[in-house]
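I have placed the structure first, in the form of structure tokens, so that the comments after it can refer back to it.
The values are calculated or read from the model by the stated rules, or taken from the named source; none is laboratory data. Since this is a predicted model, take the numbers as computed values, not measurements. A quick note on method: Cβ atoms are made from the backbone with ideal geometry, for glycine too, and the neighbour counts reach across all protein chains shown.
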Amino acid sequence: MPDAPATVLLTGASGFVGQRLAPVLVEAGHVVRAMTRKPEDYAGPGDPVFADVTDPDSLETALEGVDVAIYLVHSLDRADFEERDAAAARSFGEAAARNGVRQIVYLGGLGAEDEDLSAHLRSRREVESLLGQAGVPVTALRAAIVIGEGGISWELTRQLVKRLPAMVVPRWVTTRTQPIAIDDVVRYLAGVVDHEDAIGRVFEVGGPDELTYLDMLRILARVQGRPLPIVPVPFLTPRLSSYWLALVTDVNVMTGRNLIDSMGTEVVVTDHSIRDVVPGEPLTYEQAIRRALAEDE
């Protein structure tokens, strides 16, 4: 790894992952630029800088003199999110290349290359490709559900278990996934920054537990000490599921629909090479949910 600290542009600095990653990067000795559309409101570590991925001209100043750019931008609450995210990724990659950035770090989604991916996962994979199209090497971390206070998938799980005395669930609850704690996502992201063994590589990241969504609901209910009868219903379609989620949680219909479409795809880790680059045992699902519940309280 380079001896000198890197200048790191952190997009999404105020978001679910970014607000946890910024202090870790600063502690590691990096010079952090926190990219935000409202720098006057930014209260985290690092130097706030204005830029908007939908405004290519604004990226030039933000990326000037940057060694590593961390891309944590995506949108699920719009019907045209695939087109918007693709355009933003293309513009960001081109601006990074013009400014001599030597690495882009991206947090994407798990899913086998030969799978029939949902629009959400397909978009994540397209963004991964477009970020590097102009020539900057991309280090991609592909994750499934990230467990932590403020994360959309975690909030869905937590609110469903908290608010319902019983649950009717669709058939996608039997799909396997590999949840990961937000602490481990942050640790992996910080660990690959300017790491010569990570440049231009794709890593799969996950916790140690392969679980179905049904397992995740039941474990959370047990940890919280409340019974939760669960009845699978095969005819509950993705569209109906999204309205059901919007009715009993804070997640809007569009975001819920885009997430549910992905839940029919098995997303488990098949390559553990990230542990060679960033050593350490990840938290179990139960450890992750206990931390998330404590943070929420």
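Here are the numbers for this structure:
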| item | result |
| --- | --- |
| Odd one out for Arg122 among (1) more than 28 Å from Gly46 (Cα to Cα); (2) at pLDDT 95 or above; (3) of a type in the set (D, E, K, R) | (2) |
| Residue list for the stretch 1-59, filter: touching a residue at least 40 places away in the same chain (Cβ under 8 Å) and among the hydroxyl-bearing types (Ser, Thr, Tyr) | Thr7, Thr11 |
| Output for the stretch 273-297, where each listed residue is at pLDDT 95 or above and assigned to a loop (DSSP other than H, G, I, E, B) | Ser273, Val278, Pro279, Gly280, Glu281, Pro282, Leu283, Thr284 |
| Counted residues, the stretch 76-111 - those being polar (S, T, N, Q) and in contact with an Asp or Glu (Cβ under 6 Å, 6 or more places away or on another chain) | 1 |
| Among the candidates Tyr42, Tyr71, residue that is in contact with a strand residue (DSSP E or B) (Cβ under 7 Å, 6 or more places away or on another chain) and closer than 23 Å to Gly191 by Cα | Tyr71 |
| Output for the stretch 176-224, where each listed residue is within 17 Å of Thr139 (Cβ to Cβ), more than 18 Å from the chain's Cα centre (by Cα) and not charged (D, E, K, R) | His195, Ala198, Ile199, Gly200 |
| Elements of type strands (runs of 3 or more DSSP E) in the stretch 1-109, at least 2 residues being over 18 Å from Ala198 (Cβ atoms) | 31-36, 47-50 |
| Extreme residue, surrounded by the fewest Cβ atoms within 10 Å (Cβ to Cβ), among residues of the stretch 212-225 that are touching a residue at least 12 places away in the same chain (Cβ under 8 Å) and outside any helix (DSSP H, G or I) | Gln224 |
| Residue list for the stretch 170-192, restricted to those being under 19 Å from Glu281 (Cα atoms) and part of a loop (DSSP other than H, G, I, E, B) | Gln178, Pro179 |
| Answer residue from the stretch 197-211, given it is assigned to a loop (DSSP other than H, G, I, E, B) and of a type in the set (Asp, Glu) and is surrounded by the fewest Cβ atoms within 10 Å (Cβ to Cβ) among those | Asp197 |
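The rows are residues; the columns are (1) at pLDDT below 95; (2) buried (at least 17 other Cβ atoms within 10 Å of the Cβ); (3) under 19 Å from Val138 (Cβ atoms); (4) small (Gly, Ala, Ser).
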{"site": "Pro5", "(1), (2), (3), (4)": "yes, no, no, no"}
{"site": "Gly18", "(1), (2), (3), (4)": "no, yes, yes, yes"}
{"site": "Leu25", "(1), (2), (3), (4)": "no, yes, yes, no"}
{"site": "Arg37", "(1), (2), (3), (4)": "yes, no, no, no"}
{"site": "Ala43", "(1), (2), (3), (4)": "yes, no, no, yes"}
{"site": "Leu63", "(1), (2), (3), (4)": "no, yes, yes, no"}
{"site": "Arg90", "(1), (2), (3), (4)": "no, yes, yes, no"}
{"site": "Ala96", "(1), (2), (3), (4)": "no, yes, yes, yes"}
